[in-house]
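Engineer: Pasting a structure below so you can have a look.
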Amino acid sequence: LIEDSGVEAIVGMHISAVRLALVQALRGRVPYVYTPVYEGGESRRGVFLVGETPQRQLRPAIAWLSEHRRAERWFLVGNDYIWPRVTHRAGVEFIAASGGRVVGEEYLPFGTEDFEACLQCIAEARPDVVLVSMVGGDSVAFNRAFGESGLGRRILRLSTAAEENTLLGIGAENTENLFYSAGYLASLQTPDNQALLDRYRAAFGTRAPMLNTIGQSCYEGMKLYAAIGAKAGALGLRSMIKAAEGTSYRGGRGPVTLTNGHIATPIYLAEADGLQFRIIERF
């Protein structure tokens, strides 16, 4: 597309494995705005990041569960690719810093349908919390199986990717003791978020998919690209790199600023209440 169609920028919402392949293919030729949560550490030329990293998203949530829910024993389960593995590497440090320990770790291929062996390992390890780093349909399937097994009644779950549409897929009967840490939730009671929700519903109707951190990140990716370009006065990569630091814009999360290629915002910890997330803490 760059070579044949003159594409001038990439704004992408996809998993980290795709991001790594794109960075290699782009070779710093055009600006690349990566929007969802990710494992951290990206610093290559011309890459700008909207989403949260484990340092901001996971660390305070682990500390809160340790203090308020006496969470000491942790089991880590994720899809088998870079984001869960690197996120869990950071999580091990945060858990230790909070006085806890990891009692098990599993990585499952995309598309896994049978979770019986994994759930048996969890039951035998007797954790207080399972950190679930799975995405999309895999997160839905695992959390459904977890709830149906009865483990949800006595074991907490923490996710950094189980957004509102995933919650609907899991089903109210399977969301007991499910916690979610994110920089954006549709339930944020702020003027900025209400304005975004009003525009979203006006554009797509009341039956549109639930607005969530993933969809909202796509919107912010475009906002960030436009803001850097406006500040630079040009859309060329060199001009945008020079202008990027300190670029600000206003979105559903409120006013934000780009620092060292990343956007940093407040983090919210929410607990599933049936098919909705109830925000219980702001970090």
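Engineer: Would you work out which of V129, A226, L26 lies farthest towards the positive end of the dipole of the chain, given +1 charges on the beta-carbon of Lys and Arg and -1 on that of Asp and Glu, about the Cα centre?
Structural biologist: Of the options given, the answer is A226.
Engineer: With a probe of 1.4 Å, find how much accessible area the stretch 47-101 has per residue, and write the answer as a whole number in Å².
Structural biologist: Numbers: 2310 Å² over 55 residues.
Averaged over the residues of the stretch 47-101, the accessible area is 42 Å².
Engineer: What's the FRET efficiency of R101 with S43 using the Cβ-Cβ distance as r and R₀ = 35 Å, to the nearest 0.05? Present the calculation step by step, with values, prior to reporting the outcome.
Structural biologist: Values: r = 31 Å, r/R0 = 0.89.
Once the sixth-power term is evaluated, E becomes 0.65.
Engineer: Next up: Please work out how much length the chain gains when fully extended from R250 to A208, using 0.36 nm per residue of separation minus the C-alpha to C-alpha distance, in nm with one decimal.
Structural biologist: Working: separation 42, 0.36 × 42 = 15.12 nm, distance 2.29 nm.
The span from R250 to A208 would gain 12.8 nm if fully extended.
Engineer: For the chain, what is the relative contact order in percent, using Cα pairs closer than 8 Å and at least 6 residues apart in sequence?
Structural biologist: 19 percent
Engineer: State to the nearest 20 debye the size of the charge dipole of the chain about its Cα centre, where the only charges are +1 on K and R beta carbons and -1 on D and E beta carbons.
Structural biologist: Working: 29 positive and 30 negative charges, 208 e Å.
The calculation lands at about 1000 debye.
Engineer: Can you find, among A61, A264, G274, the residue farthest towards the positive end of the dipole of the chain? Put +1 on the C-beta of Lys and Arg, -1 on that of Asp and Glu.
Structural biologist: Comparing the listed Cα positions along the dipole, A264 ranks first.
Engineer: Taking only the alpha-carbon atoms of the stretch 1-113, what semi-axes of the equivalent ellipsoid follow from 5 times the gyration tensor eigenvalues under a square root, in whole Å, largest first? Before the final figure, lay out each step's value.
Structural biologist: Numbers: eigenvalues 227, 49, 19 Å².
Taking √(5λ) for each eigenvalue gives 34, 16, 10 Å, largest first.
Engineer: Let me ask you something else. Taking the simple approach of a point 7 Å from Cα along Cα-to-Cβ for both E67 and D4, what is their distance in nm?
Structural biologist: 5.6 nm
Engineer: Then there is this: Taking Cα centroids, how far is the stretch 179-198 from the stretch 80-130 in Å?
Structural biologist: Centre-to-centre distance over Cα atoms comes out at 28 Å.
Engineer: Now for a different question. Hydropathy at least -1.0 by Kyte-Doolittle, axial extent at least 30 angstrom from the Cα trace: which helices of the chain, defined as entire DSSP H runs, fit?
Structural biologist: Values: long enough: none.
Going by DSSP H runs, there are no hits.
Engineer: Would you list the P(r) distribution for the chain, with all Cα-Cα distances sorted into 5 Å bins from 0 and each bin expressed as a whole %?
Structural biologist: Percent of pairs per bin, in order: 1, 6, 12, 16, 18, 16, 13, 9, 6, 3, 1, 0.
Engineer: Which order do you get for E52, E8 if you rank them by accessible area with a 1.4 Å probe, largest at the top? Could the numbers behind the result be given before it?
Structural biologist: Values: E52 10, E8 120 Å².
Largest accessible area first, the list is E8, E52.
Engineer: Based on DSSP H runs of at least 4 residues, each adding -39500 (n - 2.57), what is the mean residue ellipticity at 222 nm of the chain after dividing by all its residues, to the nearest 500 deg cm²/dmol? Walk me through the numbers on the way to the answer.
Structural biologist: Details: 11 runs with 117 residues, N = 283.
Helix-only estimate at 222 nm: -12500 deg cm²/dmol.
Engineer: Which value in nm describes the separation of the simple spin-label points at R153 and A21, placed 7 Å from the Cα toward the beta carbon?
Structural biologist: In this crude spin-label approximation the distance works out to 4.4 nm.
Engineer: Of the heavy-atom accessible surface of the chain (probe 1.4 angstrom), what whole percent is carbon and sulfur? Walk me through the intermediate numbers first.
Structural biologist: Values: 6550 of 13020 Å².
Carbon and sulfur: 50 percent of the exposed surface of the chain.
Engineer: Let me ask something additional. Multiply the residue separation of R89 and D114 by 0.36 nm, subtract the distance between their alpha-carbon atoms, and state the gained length in nm to one decimal.
Structural biologist: Values: separation 25, 0.36 × 25 = 9.00 nm, distance 2.54 nm.
Computed gain between R89 and D114 is 6.5 nm.
Engineer: If you don't mind, there's one more thing I want to ask. Could the peptides 273-280, 205-212 be put in order, highest first, of the mean number of other beta-carbon atoms found within 10 Å of their residues? The partial results should precede the final answer.
Structural biologist: Numbers: 273-280: 15.2, 205-212: 12.4.
Peptide ranking by packing, descending: 273-280, 205-212.
Engineer: Over the stretch 23-182, what number does the Rg to Rh ratio reach, with both radii from the alpha-carbon atoms and Rh per Kirkwood? All intermediate terms of the calculation are to be shown ahead of the outcome.
Structural biologist: Numbers: Rg = 16.1 Å, Rh = 16.2 Å.
That ratio is 0.99, to two decimals.
Engineer: Place the peptides 106-117, 178-189, 254-265, 80-91 in order of packing, highest mean first, counting for every residue the other Cβ atoms within 10 Å and averaging per peptide. Provide the component values of the computation, followed by the final result.
Structural biologist: Numbers: 106-117: 12.9, 178-189: 22.7, 254-265: 16.4, 80-91: 19.5.
Ranked by mean Cβ neighbours within 10 Å, highest first: 178-189, 80-91, 254-265, 106-117.
The values are calculated or read from the model by the stated rules, or taken from the named source; none is laboratory data. Please read these numbers as outputs of a predicted model, since none were measured by experiment. Heads up, the Cβs are rebuilt from the backbone with ideal geometry, glycines too, and the neighbour counts pull from every protein chain shown. Surface areas here come from the heavy atoms of the whole protein model, side chains and all, with no ligands, DNA or RNA. Shrake-Rupley method; radii C 1.70, N 1.55, O 1.52, S 1.80 Å.
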